[in-house]
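The next block holds one structure in the form of structure tokens; read it before the comments.
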Amino acid sequence: MTDRWQKAMDHAVAIARTAGRVVREALQAERKATTKNSSVDLVTQTDQKVEQLIIQSVKEKFPSHKFIGEESVAAGEPSILTDEPTWIIDPIDGTTNFVHGFPFVAVSIGFSVNRQVEFGVVYSCVEDKMFTARRGKGAFCNGEPIQVSDQEDIRQSIIATEFGSNREPEVVDHIFSNLRKVLTIPVHGIRGAGTAATNMCLVASGCVEAYYEIGVHVWDIAAGSVIVSEAGGVLMDVEGGDVDLMSRRVIAANKRTIGKRIVREIHPFDVIRDDGQVPQEQG
Ligand code: LIP
């Protein structure tokens with residue numbers, strides 16, 4: 001049976017690599033940032049240029065497909081996930097890193113049909129690592145199979161998370177309270193690459209045991225979600241239920257036991273969903 005979405009995935013890999021070259025070239029030039037939702041929520045012309053490069057290339061090949069792109073949404077496009085084939089794009093995941101020349105920046109392209117991510121591509125541009133996964137067919141880095149850590153004891157683990165871009169004191173207090181609870185389990189360490197997609201690929205590669213964050217967006221995690229699950233990991237909501245890519249809450253873990261341990265420690269705080277719906281009580 002022909003694989004209906006393989007041509008789309010092949011295109012995603014090719015355009016992610018092209019976009020990565022644009023990002024690397026831009027890293028050698030002066031990078032001017034403007035701001036979006038706060039003084040620390042940065043965007044650059046390269047983010048916008050790369051997103052348009054990806055979207056235009058897809059439209060030429062797949063004109064009926066839909067898009068959720070970080071910078072398109074910032075410009076007023078809707079962020080609604082439907083059953084339609086949808087490309088979920090973060091042109092530069094790690095924009096703050098990009099602005100500062102901190103070498104972890106990723107092009108993240110997820111592809112969803114019937115609200116299920118069929119494939120994910122995360123290209124870590126400076127590392128030149130192309131992470132890919134097709135639902136049901138495994139996860140890879142530069143073509144080599146990857147799999148999550150086999151560590152079962154969270155006290156022997158490294159956990160990844162991020163501080164996000166919200167600097168409201170009560171939100172920061174929540175973030176630090178959760179950080180303290182996880183650190184004092186205790187765990188071996190807490191890390192953050194500055195990009196959700198890269199953190200999820202670190203889980204998929206077995207470099208960290210889990211990653212959690214409240215405040216991410218669907219474009220940060222869609223591609224990484226299938227890379228983690230195809231590497232043998234699990235995705236869940238921060239209250240233990242099924243992950244909801246539009247909820248802005250995620251735990252990606254090597255094992256359900258470790259993910260559940262993080263659920264026990266962290267306390268969620270409210271964020272407005274990517275689709276704008278009022279958050280439902282989590283089960
Ligand atoms: C980033 C995420 C990261 C989050 C940052 C930012 P961006 O995405 O990857 O997890 O903590 O606030 O949202 O904005 O660089 O594409």
Query - Placed amide H near Lys66: partners under 5 Å, 5+ positions off or other chain - result: Thr86, Trp87
Query raised in the report: Got a number for carbon plus sulfur as a percent of segment 27-122's accessible area, 1.4 Å probe?
Result: 48 percent
**Report entry** Label-point gap, in nm, between Asp242 and Thr18 - each point 7 angstrom along Cα→Cβ
**Finding:** 3.6 nm
Report task. Could I have the simple spin-label model distance between Thr82 and Thr35, label points 7 Å from Cα toward Cβ, reported in nm to one decimal? Result -> 3.6 nm
Report summary line: The computed P(r) of the chain puts the percent of Cα pairs beyond 23 Å at 49 percent
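Rounded to the nearest 0.05, what FRET efficiency do Ile272 and Thr184 have when you use their Cβ-Cβ distance and R0 = 25 Å?
Numbers: r = 30 Å, r/R0 = 1.20.
Once rounded, the FRET efficiency stands at 0.25.
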Query raised in the report: Using 0.36 nm per residue, how much length does the chain from Phe102 to Ser57 gain when fully extended, once their Cα-Cα distance is taken away?
Result: 13.4 nm
Query raised in the report: After finding the eigenvalues of the alpha carbon gyration tensor for segment 192-262, what semi-axes result from the square roots of 5 times each, listed largest first in whole Å?
Result: 15, 14, 11
Query raised in the report: Mean separation of Cα pairs under 8 Å and 6+ residues apart, divided by the residue count of segment 164-283: what relative contact order is that in percent?
Result: 26 percent
Query raised in the report: Using the Cα atoms of segment 138-198 to build a convex hull, what is its mean projected area in square nanometres?
Result: 5.4 nm²
Report task. Pop out the ³J(HN,Hα) list for segment 107-114 in order, Karplus 6.51 cos²θ - 1.76 cosθ + 1.60 with θ = phi - 60°, rounded to Hz; leave Gly and Pro as x. Result -> 8, 10, 10, x, 9, 10, 9, 6
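I need to check one value: relative contact order of the chain, counting alpha carbon pairs closer than 8 Å and at least 6 residues apart, in percent.
Dividing the mean separation by the residue count of the chain yields 16 percent.
The values are calculated or read from the model by the stated rules, or taken from the named source; none is laboratory data. The model shown is predicted, which means the values in this text are computed figures rather than measured ones. Here the Cβ is made from the backbone with ideal geometry for all residues, glycine too, and neighbour counts use every protein chain on show. Heavy atoms of the whole protein, side chains included, go into the accessibility calculation; ligands, DNA and RNA do not. Shrake-Rupley method; radii C 1.70, N 1.55, O 1.52, S 1.80 Å.
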